[in-house]
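**Q** Here it is: the structure, laid out below.
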Amino acid sequence: MHWPPYKLATRDYLAQAQKKYSRVERIYHVGQHHSWSGKDVLRDLLRKHGGIDLPPDKRAALREISSTLLWGELAAWSISADLALQLKTVEAKMAATSQTHDEARHFYTLRDYLLELGGELPQLDGYSHTVLTSILDSSCLAEQLLALQLIVENLAVNTFKALQKAQVEPVLAELLSYFERDEARHIGLGVLYLPELLEQLTPLQAFRLQLFQVKVATLIGWGAQLRRPYYEALGIDLNASMRRGMRLHLEVLAGLRSHCETEPRAIFMASAEQQRMNDLSVDLFFPRAGSHQPQWQRVMLGATNAVAAVGERLLA
Amino acid sequence: MVHKVDIFKNAWRNVVAGGLFAARGLSYGAMLVLSSTLGGLEAPRPSGENDGLEQRREPN
Ligand SMILES: [Fe+2]
Ligand SMILES: [Fe+2]
């Protein structure tokens, strides 16, 4: 491979790239404009709310959920650095570099918050660990971009929203709104740039990408079931949260589709029928908080909870 | 790729993920059959109800 790629500084190439990728490059500039100091923001919020006020049982549940968020931020940091290194298009490289800067800030800010919360941070459960290491280990850029930007980032934003809606703790709620603005840009990189990577996939790579999506979605579903008690302890209605998460995901996919010239390959686009099936499965496996369940459903939930625990041990 | 991949561990995880996928599908099917024969399921919540998406994230 020739290095440096001299064409990157030629006027013709630049004019073409600008036409095609100006919105991807904007992610970098907007990121710089909205950059914030985690140290300052956390200190000010702690002062404003007089520290963290939360009963011990909720603290424990919050640590369980935050462990996934914290190590998720570290994984996103590494994966976005990997993308910044490997993506060839300068504008996408800039967006990934900006994301790397954001994820570093998310990691240290959330770590500092959790130190302030106190207690020992639990280790990752087998599901979260497998999802994150699968993306870290992947050598396929499309897999990384899809799973990190479009699935995991989206899941993180949805968890942030759930924690805010349940008004678990005011310092965290305000802190997460800073995170959320950054994550929206990271999702933007996936939406804008993934179509280009999808076009380059061979049929075999496209098939593997589909399997990868099924794997990640399956593990996320079982992981949510395993951690259900922690969500409940924090007053989060997992039924509403999962439905919202699916809607967010579908919106992201609709955005992706609008940037593709032809129907995007290798991505599962849910039809109206599949969406109904998704909603029904959420109602079956994650019944609304406080709702009455018939006997057969309670038995089935008991059985699937047991499967969730066994799966976790097999993966750990 | 950030760290060295353990091929065997990876294959094992894929097997477990495959089993979990099948288990989800089977239990979903069983629940559908049970709900149509035994019933008693609460009326589903209309999708989009009060899910907080009205405060959309800023397209910044
Ligand atoms: Fe992040
Ligand atoms: Fe992110």
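**Q** Say the cut-off is 30 Å between C-alpha atoms; which of A:88/A:165; A:48/A:165; A:48/A:161; A:93/A:165; A:20/A:165 go over it?
**A** From the list (A:88/A:165; A:48/A:165; A:48/A:161; A:93/A:165; A:20/A:165), the Cα-Cα distance tops 30 Å for A:88/A:165; A:93/A:165; A:20/A:165.
**Q** What FRET efficiency, computed as 1/(1 + (r/R0)^6) with R0 = 22 Å and r the Cβ-Cβ distance, is obtained for residue A:23 and residue A:274, rounded to the nearest 0.05?
**A** With a Förster radius of 22 Å, E is 0.15.
**Q** Cβ under 12 Å from residue A:202's Cβ, residue A:202 left aside: what net charge do those residues give with Lys, Arg +1 and Asp, Glu -1?
**A** +1
**Q** How far apart, in nm, are the 7 Å Cα→Cβ label points at residue A:167 and residue A:251?
**A** With each label placed 7 Å out from Cα toward Cβ, I get 2.3 nm.
**Q** Which angle from 0 to 90°, rounded to the nearest 10, does the C-alpha axis of helix A:295-315 make with the longest principal axis of chain A?
**A** The angle comes out at about 50 degrees.
**Q** Each label point is 7 Å from the Cα along the Cα-to-Cβ direction; what then is the distance between the points at residue A:303 and residue A:15, in nm?
**A** The two pseudo-label positions are separated by 6.7 nm.
**Q** Next question. Please report, in debye to the nearest 20, how large the charge dipole of chain A is about its Cα centre when each Lys and Arg carries +1 at its beta carbon and each Asp and Glu carries -1 there.
**A** Computed charge dipole of chain A: roughly 340 debye.
**Q** Report the residue, chosen from A:299, A:191, A:252, that carries the largest GNM mean-square fluctuation when chain A is represented by alpha-carbon nodes joined by springs under 10 Å.
**A** Judging by the Gaussian network model, the answer is A:299.
**Q** Using helices alone, I'd like the mean residue ellipticity at 222 nm for chain A: each DSSP H run of four-plus residues gives -39500 (n - 2.57), total over residue count, nearest 500.
**A** That calculation yields -25500 deg cm²/dmol at 222 nm.
**Q** Another question, then. Of the residues A:226, A:85, A:175, which exhibits the maximal mean-square fluctuation in a Gaussian network model of chain A defined by a 10 Å Cα contact cut-off?
**A** Evaluated over chain A, the most mobile residue of the options is A:85.
**Q** Turning to a different aspect of this structure: Find, among the GluC sites (Glu not before Pro) in the range A:253-316, those assigned to loop by DSSP (not H, G, I, E, B) with at most 16 other beta-carbon atoms within 10 angstrom.
**A** A:261
**Q** Which residues does a label at residue A:58 reach in the range A:211-229, if reach means a backbone N under 13 Å from a point 7 Å past the Cα toward the Cβ?
**A** Under 13 Å, as judged by backbone N against the label point of residue A:58, lies no residue of the range A:211-229.
**Q** Between the range A:204-228 and the range A:139-157, what is the separation of their alpha carbon centroids in Å?
**A** Here the answer is 11 Å between Cα centres.
**Q** In a Gaussian network model over chain A where Cα atoms closer than 10 Å are linked, find which of A:51, A:190, A:290 has the largest mean-square fluctuation.
**A** Its mean-square fluctuation being the largest, the pick is A:290.
**Q** Here's something else I'd like to know. Answer rounded, prolate or oblate for chain A, using the Cα gyration tensor with square roots of eigenvalues a ≥ b ≥ c: rounded when a/c is under 1.5, else prolate when a/b is larger than b/c, else oblate.
**A** oblate
**Q** Can you give the FRET efficiency to the nearest 0.05 for residue A:32 and residue A:111, using r as the Cβ-Cβ distance and R₀ = 25 Å?
**A** 0.60
**Q** Apply the a/c threshold of 1.5 to the C-alpha gyration tensor of the range A:1-145 and tell me whether it is rounded, prolate or oblate.
**A** Since a/c reaches 1.5 but b/c is at least a/b, the shape of the range A:1-145 is classed as oblate.
**Q** Which listed residue (A:203, A:71, B:29) has the Cα farthest towards the positive end of the charge dipole for the protein assembly as shown, taking +1 on Lys and Arg C-beta and -1 on Asp and Glu C-beta about the Cα centre?
**A** Checked the options; the winner is A:203.
**Q** I've got another one for you. Under a point-charge model restricted to the Cβ atoms of Lys and Arg (+1) and Asp and Glu (-1), what is the dipole moment magnitude of the range A:106-224 relative to its Cα centre, in debye to the nearest 20?
**A** 300 debye
**Q** For helix A:56-86, report the angle its Cα long axis makes with the longest principal axis of the Cα atoms of chain A; keep it between 0 and 90° and round to the nearest 10°.
**A** 10 degrees
Read-outs throughout are calculated quantities, based only on the coordinates presented, and are distinct from any laboratory measurement. Fair warning: this is a prediction, and the values are worked out from it, not measured in the lab. All Cβ positions, even for glycine, are placed from backbone atoms using ideal geometry, and neighbour counts span all protein chains on display.
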